[in-house]
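Asker: First the structure, which I've put down as structure tokens, then a few questions once you've had a look.
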Amino acid sequence: MHDPIFLTEEGIQKIKEELKELKGSARAELAVRLRSAIEMGDLSENADYIKAKEDQGFTEGRIQELEETLKRTKVINLPNNSSDKVQIGSSVVVKEEGYGQELIHIVGSKEADPKIGKLSYESPIGSALLGHKISDIVRVKTPEGGINFKIIEIK
């Protein structure tokens, strides 16, 4: 049995949308490209055919990956406002020493996007914050030593 993949409802919806796009218009466009390339004749030296087949392989592989992800998904139930500890699905306002406040959303690894503040619960910062409360100082180990975060708010 594979480990579950934690996703929010938003993350599940994004995967379903991508899957719909790949199974619909992306496959249709590839079929047209392949048909056109086949009509050109000799396939052994037909760059358009070779590229379309490569793209088809990538598309079908991505479809399989997304379908497997959905099969293994465990929905992250966003915590209610009474939660006093950081958990998967929490939005946490933290302050690093010497810097301003920052909002971090603790999500599953498939949804992680550090550029927009979505950190995996498996990441060094995400895993360090789990289970902590408001006003806790959380030390995150880094290659340079460590970073201290103070938890300001848990949403």
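Asker: Of all residues in region 52-86, count the ones that are assigned to a helix (DSSP H, G or I) and either of a type in the set (Asp, Glu) or free of Cβ contacts under 8 Å to residues at least 60 places away in the same chain (or both).
Answerer: Residues flagged as assigned to a helix (DSSP H, G or I) and either of a type in the set (Asp, Glu) or free of Cβ contacts under 8 Å to residues at least 60 places away in the same chain (or both) within region 52-86 amount to 19.
Asker: Please find, among Pro124, Pro114, the residue that is within 28 Å of Lys14 (Cα to Cα), surrounded by fewer than 13 Cβ atoms within 10 Å (Cβ to Cβ) and without any contact (Cβ under 8 Å) to a residue 24 or more places away in the chain.
Answerer: Sole residue among the options that is within 28 Å of Lys14 (Cα to Cα), surrounded by fewer than 13 Cβ atoms within 10 Å (Cβ to Cβ) and without any contact (Cβ under 8 Å) to a residue 24 or more places away in the chain: Pro114.
Asker: Could I ask something else about it? Picking from Gly98, Gly89, which residue would you name as being surrounded by 18 or more Cβ atoms within 10 Å (Cβ to Cβ), modelled with pLDDT under 95 and either at positive phi or not in a loop (DSSP other than H, G, I, E, B) (or both)?
Answerer: Going through Gly98, Gly89 in turn, the sole match is Gly89.
Asker: Still on this structure, please answer the following. Residues being among the basic types (Lys, Arg) and either more than 18 Å from the chain's Cα centre (by Cα) or assigned to a helix (DSSP H, G or I) (or both): count how many of those fall in region 109-141.
Answerer: So the answer is 4.
Asker: Additional query: Among the residues of region 6-23, count how many are of a type in the set (S, T, N, Q) and surrounded by fewer than 17 Cβ atoms within 10 Å (Cβ to Cβ).
Answerer: Summing the residues that are of a type in the set (S, T, N, Q) and surrounded by fewer than 17 Cβ atoms within 10 Å (Cβ to Cβ) in region 6-23 gives 1.
Asker: Let me ask you something else. Hey, could you check region 55-80 for residues that are of a type in the set (A, V, I, L, M, F, W, C), closer than 18 Å to Lys16 by Cβ and at pLDDT below 95 and say which is surrounded by the most Cβ atoms within 10 Å (Cβ to Cβ)?
Answerer: The qualifying residue surrounded by the most Cβ atoms within 10 Å (Cβ to Cβ) is Ile76.
Asker: When both residues are 6+ apart or on different chains and their Cβ atoms are under 9 Å apart, which pairs have a first residue that lies in region 13-25 and is more than 13 Å from Arg62 (Cβ to Cβ), and a second that is surrounded by 11 or more Cβ atoms within 10 Å (Cβ to Cβ)?
Answerer: Every condition considered, the pairs that remain are Lys14/Leu7; Lys14/Glu111; Lys16/Leu66; Lys16/Leu70.
Asker: Which members of region 137-155 meet the condition of being open to solvent by less than 50 Å² (accessible area, probe 1.4 Å), in contact with a strand residue (DSSP E or B) (Cβ under 7 Å, 6 or more places away or on another chain) and more than 15 Å from Gly89 (Cα to Cα)?
Answerer: Val138, Val140, Gly146, Ile147, Asn148, Phe149, Ile151
The values are calculated or read from the model by the stated rules, or taken from the named source; none is laboratory data. As the structure is a prediction and not an experimental result, all values here were calculated from the model. Here the Cβ is made from the backbone with ideal geometry for all residues, glycine too, and neighbour counts use every protein chain on show. Each accessible area value is taken on the protein alone, full model and side chains, heavy atoms only, with ligands, DNA and RNA left out. Shrake-Rupley method; radii C 1.70, N 1.55, O 1.52, S 1.80 Å.
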